[in-house]
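Remarks on the structure that follows.
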Amino acid sequence: MSGDTGAVLAEAIDRLGFYPELVKDAVHDGLVGLTPSAHLVQLETHFDNGEIHRHITVLALAEKFLLVAHLDDSQLDEAGEAVVAHVNVETLPVSAITSMQLNYSYPQPQDYTPDSTPSEISLVISWTGGLRLDLQPADCPDPTCSADHGYTGVAPREDVVLRISSTADGADLVQEARAFARALRAVQLGLHSGE
């Protein structure tokens with residue numbers, strides 16, 4: 001990741017401390033020499049039956065391309081000594097984005113002023129990228145039926161949905177998410193020098 005903005009992105013990844021060298025290498029490979037003009041980095045932690053699951057998402061805008069990198073880890077043993085990291089990096093042209101939504105939450109809207117910061121932002125980016133198939137055998141309501149009813153399932157798009165909360169992530173990351181969304185919209189609308 002070269003240039004001043006690349007260094008700022010690398011610092012944001014380092015600051016979160018979640019396998020920073022692995023994340024930076026994955027992002028570097030995905031950018032193939034392009035310098036990011038805007039970025040958003042979020043680390044999330046989830047608790048599930050006494051287990052801790054963390055994952056990091058990196059969005060980087062470079063010229064007319066959007067990089068979406070996601071890394072999570074999972075334990076291979078009960079002691080947590082054997083861990084594997086799963087990395088997914090997709091680079092797509094901004095023109096492939098079919099929809100971008102930015103949802104805001106403002107507490108006490110009667111007190112809103114133009115410099116008010118939202119308490120939460122949800123950023124949803126959809127494109128014609130990969131699909132994930134979740135299939136299972138089709139059920140039959142007759143418990144005595146032994147016929148093969150085939151499979152049923154869903155094919156959700158692998159879109160990006162990020163929820164950034166000032167309580168969980170900090171007000172600075174909420175503002176960074178707004179700035180990233182504005183930069184992405186500018187490229188979408190041809191208002192950026194990358195057009």
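Values quoted throughout were computed directly from the atomic coordinates according to the rules given, and no laboratory measurement underlies them. On a predicted model such as this, the values are computed, not experimentally measured, just so you know. Ideal geometry is used to build each Cβ from the backbone, glycine not excepted, and the neighbour counts take in all protein chains shown.
In table form, for the structure just shown:
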item	result
The chain: C-alpha gyration tensor shape, a/c 1.5 cut-off, then a/b vs b/c	prolate
Farthest toward positive dipole pole in the chain [+1 Lys/Arg, -1 Asp/Glu at C-beta], among 52, 30, 187	187
Long-range HN-HN contacts of residue 66 with modeled amide H, under 5 Å	92, 94
Simple spin-label estimate for residue 135 and residue 188 in nanometres, 7 Å along Cα-Cβ	3.3
Listed residues 76, 173, 61, most fluctuating in the chain (Gaussian network, C-alpha, under 10 Å)	76
Spacing of the two label points (7 Å from each Cα toward its C-beta) at residue 85 and residue 145, in nm	4.8
Size of charge dipole - the range 1-73 - debye, nearest 20, with Cβ of Lys, Arg +1 and Asp, Glu -1, no other charges	240
Top of 120, 78, 176 by mean-square fluctuation, Gaussian network on the chain, Cα under 10 Å	78
Extension reserve of the residue 167-residue 64 stretch, reckoned as 0.36 nm per residue once the Cα distance is removed	33.8 nm
Net length gained if the chain between residue 76 and residue 53 were fully extended (0.36 nm per residue, minus Cα distance)	7.0 nm
Cα-projected label distance for residue 22 with residue 44, points at 7 Å along beta-carbon direction, nm	1.9
